[in-house]
Amino acid sequence: MGYEAKNIKSLLMPVGVALWLSLLFLPFKGINASAVLFLVLVVAVPLAKGGAVFIRKAQPHLERVGALVPRDRRYLYLLIIPALLVPFVSEDYVVDVAVISGIYIILALGLNVVVGYAGLLNLGFVAYYAIGAYSYALLNTKLGIGFWSALPLSLVFTTLAGFLLAVPALRLKGDYLAIVTLGFGEIVRLVLNNWDSFTRGPNGISGIAPPQLANMSIGKISHYYYLVLFFVLLSVFIMRRVEDSKIGRAWIAIREDDIASSAMGVNTTMYKLYSVAFGAFWAGLAGCLFAAKMRFVSPESFTFMESVLILCMVIIGGIGSIAGVIMGALVLVFLPEVLRDAQLYRMLAVGSGLVFLMVFRPQGLFGRKSGSFGS
Amino acid sequence: MPTTFENGAVFLLIFRVLLQQVINGLTLGGVYALIALGYTMVYGILELINFAHGEIYMLGAYLGIILLGFFTAIGLTAYSLPLSIALVVVLTVIFCSSYGFTIEKIAYKPLRKAPRLSPLISAIGVSIFLQNYVMLTQGATDKVFPHLFGNAGFRFLSTTVTYLQAAIIAASALMMIFLHAFVMKTKTGKSMRAVAQDKTMASLLGINIDAVISVTFVIGSGLAAIAGIMVAAYYGLVNYYIGYIAGIKAFTAAVLGGIGSIPGAMFGGVLLGLVESLGASYISSEYKDAYAFLILIIILLVKPSGLLGKTADEKI
């Protein structure tokens, strides 16, 4: 009897859940759509439940497969060869998307230093990106400085901005730090938006010169591609080196346990400062490349959603893993392009995808389950 | 040289403008305080910044418009306006509380033991989902709340206070008093305070933690729903992205007063409303949204525990 009662309950549960969820959507969708939703959910809820059980069971196997992949990932450098060939085999449109994804890879790698290595949640990372982009835009349009001279100057500005914010903010921990960085990001955007005489406000700055290389103006998209690819490779190389250096180890120690690492003699404040400044440096580089590629910047490109997008790239691939972050950036740039037809629904997918990922695979798609990040 | 009489007139004018801004600020502050309560209660219990809370407020504003439209269509508003408004409020609160309840069950409950970052990101996911859901079903353009209450009002110390403003201020104050009484006097309120203090100990004493957390989300969402309706009626326009900025401001209010503290959230909300409306009229209205962030940053740097909060010692 008990068994039967349990059976009935497990049959009724999906119906109840489906009814509940479709009732919630009733005022927004009307009665017909809710009825359809109910029918879909009655089928989907048990499937989702089965899927969840399956994923939970498959988890250890996934780990085992992941362990088979050699720790030494130098063979991944072989991927450079197909990357070099992209402009020869693809249309301009694909190359264009690839350039954008390259810029995002640099950004995400920069944020990965702060969030992934040092474990400091930054929700206003886009501010450094904006400062980098506007630095180049203003230096170029107001003073006529070329890309290669403006680049180091812009990088100095963004790194300094990183330092300036970090000094006071690092007294805070966890969520508070996240909110202060969010506030910083919004303030930068509001200033760019309202300081009409300097930044031309919401109209943005246009007519930014493309980079020159050996007396040749980089105008074609394939030229940009190689420029961006060069910087992506440079950043991956430097990240690899930093990851295994004294500084990188100190960051990871801080991430795993702030107090224990300071007890072991790690100057936590100093290394946190380095991580924020180093992350800001890469964001500044990405900003310069962005301004040079678009030849136009406006505050619209630097909203909070952009910060969230970069954070998602770091998280879905696997926090703290370079390969994972690159995969995350590629997925989040290329997926919406593939889903062009379903453009309206893609943000719905991103939102629910984030929840789903956190519930079932908090370490990210390609991440390893090591340590206790941010706990 | 102005005469004494002119001086008096100028002074009166300055006073009138100031008073008008104070009343506007109180109206705004009451709304912020209602949303801030949801943040502070959830943070007090789960130590989670419930990023999706602003969206509940946005859903409340939309539901107000949708339900009022529905009641107008079936002729209930023409029959009795007060009855239909009461029904709109009750139904909106029920729906929003259910949203809060469901969101907690789906997006936060499985992550109770996860690292701190996971529920925060899950909350951002919920927020993105809800914004885009409303945009898809209700359109990206502004929605108009029917102009029911007009601009009628009464004279108060040489300025005009609209009935709507008075109602918003009174309703927020009343709800805060009720909430305070609920948390301090009832058994559920007592268990909420116990869970906020020490989850493990509370569960050892036989308190159902899951139920308390659900109640917290239900109450917080209900308050946000009411704030949503009031703002929709006050400004007359609603958008799918109002939740984000209002959420951030309400969170600022909660931090300002000391996160986790219920009187702190009320105080912080009112203070933030006043600063914003005075700052917009006396300093610069372009940077209206920046004041909240500036205050937030200054408070966190100078006194992270907030104005009314207690500092907690770090546990190792």
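A compact table of results
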item: Criterion (away from chain B (no Cβ under 14 Å), in contact (Cβ under 8 Å) with a residue 24 or more places away in the chain and either hydroxyl-bearing (Ser, Thr, Tyr) or within 30 Å of B:Gly260 (Cα to Cα) (or both)) met by exactly one of A:Thr199, A:Thr181, A:Thr158; result: A:Thr158
item: Failed criterion for A:Gly146 (all others in (1) under 30 Å from B:Lys303 (Cα atoms); (2) more than 14 Å from chain B (Cβ to nearest Cβ) hold); result: (1)
item: Test: residue in the range B:27-40 that is in contact with an Asp or Glu (Cβ under 7 Å, 6 or more places away or on another chain), outside any helix (DSSP H, G or I), touching a residue at least 12 places away in the same chain (Cβ under 8 Å) and closer than 30 Å to B:Gly257 by Cα; result: no
item: Residue satisfying condition, being within 13 Å of the chain's Cα centre (by Cα), within 24 Å of B:Ser305 (Cα to Cα) and either modelled with pLDDT of 90 or more or within 12 Å of chain A (Cβ to nearest Cβ) (or both), within set B:Tyr57, B:Tyr43, B:Tyr39; result: B:Tyr39
item: Verdict on A:Leu170 being over 14 Å from A:Gly279 (Cα atoms) and at the interface with chain B (Cβ under 9 Å from one of its Cβ atoms); result: no
item: Search result, residues across the range B:111-147 that are more than 21 Å from the chain's Cα centre (by Cα) and more than 8 Å from chain A (Cβ to nearest Cβ); result: B:Arg112, B:Lys113, B:Met135, B:Gly139, B:Ala140, B:Thr141, B:Pro146, B:His147
item: Candidates B:Gly243, B:Gly257, B:Gly236 - the one that is more than 14 Å from chain A (Cβ to nearest Cβ), of a type outside the set (A, V, I, L, M) and surrounded by 18 or more Cβ atoms within 10 Å (Cβ to Cβ); result: B:Gly257
item: Some residue of the range A:122-130 being under 22 Å from A:Ile254 (Cβ atoms) and either hydroxyl-bearing (Ser, Thr, Tyr) or over 12 Å from the mean Cα position of the chain (by Cα) (or both); result: yes
item: Meets criteria (of a type in the set (A, V, I, L, M) and either at pLDDT 90 or above or surrounded by 13 or more Cβ atoms within 10 Å (Cβ to Cβ) (or both)) for B:Ala140; result: no
item: Residue match in the range B:148-170 (condition: closer than 21 Å to B:Tyr32 by Cα, at pLDDT below 85, more than 14 Å from every other protein chain (Cβ to nearest Cβ) and not in a helix (DSSP H, G or I)); result: yes
item: Residue within the range B:90-110 that is modelled with pLDDT of 85 or more, away from chain A (no Cβ under 11 Å) and surrounded by fewer than 18 Cβ atoms within 10 Å (Cβ to Cβ) present; result: yes
item: Qualifying residue in the range A:290-311 (condition: under 19 Å from A:Ile247 (Cα atoms) and under 19 Å from the mean Cα position of the chain (by Cα)); result: no
item: Members of the range B:32-79 found to be surrounded by 24 or more Cβ atoms within 10 Å (Cβ to Cβ) and among the polar types (S, T, N, Q), listed by number; result: B:Thr40, B:Asn50
item: Selection within the range A:317-352 - at the interface with chain B (Cβ under 7 Å from one of its Cβ atoms) and either over 21 Å from A:Tyr104 (Cβ atoms) or modelled with pLDDT of 80 or more (or both); result: A:Leu344, A:Leu348, A:Gly351, A:Ser352
item: Every pair of residues 6+ apart whose Cβ atoms lie under 7 Å, when the first sits in the range A:300-322 and is under 21 Å from A:Leu348 (Cα atoms) while the second is of a type in the set (S, T, N, Q); result: A:Val314/A:Asn112
item: Filter result (within 18 Å of the chain's Cα centre (by Cα) and among the small types (Gly, Ala, Ser)) within the range A:175-207; result: A:Ala178, A:Gly185
item: A:Val333 without any contact (Cβ under 8 Å) to a residue 24 or more places away in the chain and either surrounded by fewer than 24 Cβ atoms within 10 Å (Cβ to Cβ) or on the phi > 0 side of the Ramachandran plot (or both); result: no
item: Qualifying residue in the range A:229-251 (condition: of a type outside the set (Gly, Ala, Ser), farther than 18 Å from A:Ile322 by Cβ and outside any helix (DSSP H, G or I)); result: no
item: Some residue of the range B:218-229 being modelled with pLDDT of 85 or more, farther than 25 Å from B:Ile65 by Cα and either touching a Phe, Trp or Tyr at 6+ places or on another chain (Cβ under 6 Å) or crowded, with 19+ Cβ neighbours inside 10 Å (or both); result: no
item: Test set (1) buried (at least 23 other Cβ atoms within 10 Å of the Cβ); (2) over 10 Å from A:Ala118 (Cα atoms) - A:Phe281 fails condition number; result: (1)
item: Candidates B:Arg112, B:Arg116, filtered to the one that is farther than 18 Å from A:Leu311 by Cβ and either out of contact with any His (no Cβ under 6 Å at 6 or more places or on another chain) or not small (Gly, Ala, Ser) (or both); result: B:Arg112
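Results for (1) touching a residue at least 12 places away in the same chain (Cβ under 8 Å); (2) surrounded by fewer than 17 Cβ atoms within 10 Å (Cβ to Cβ); (3) over 21 Å from the mean Cα position of the chain (by Cα); (4) closer than 25 Å to B:Phe95 by Cβ, shown as yes or no for each residue.
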position: B:Tyr163; (1), (2), (3), (4): yes, yes, no, no
position: B:Met184; (1), (2), (3), (4): no, yes, no, no
position: B:Thr200; (1), (2), (3), (4): no, yes, yes, no
position: B:Leu205; (1), (2), (3), (4): no, yes, yes, no
position: B:Val215; (1), (2), (3), (4): yes, no, no, yes
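The values are calculated or read from the model by the stated rules, or taken from the named source; none is laboratory data. Predicted model only: the values in this text are computed from it and were never measured. All Cβ positions, glycine included, derive from the backbone under ideal geometry; neighbour counts span all protein chains shown.
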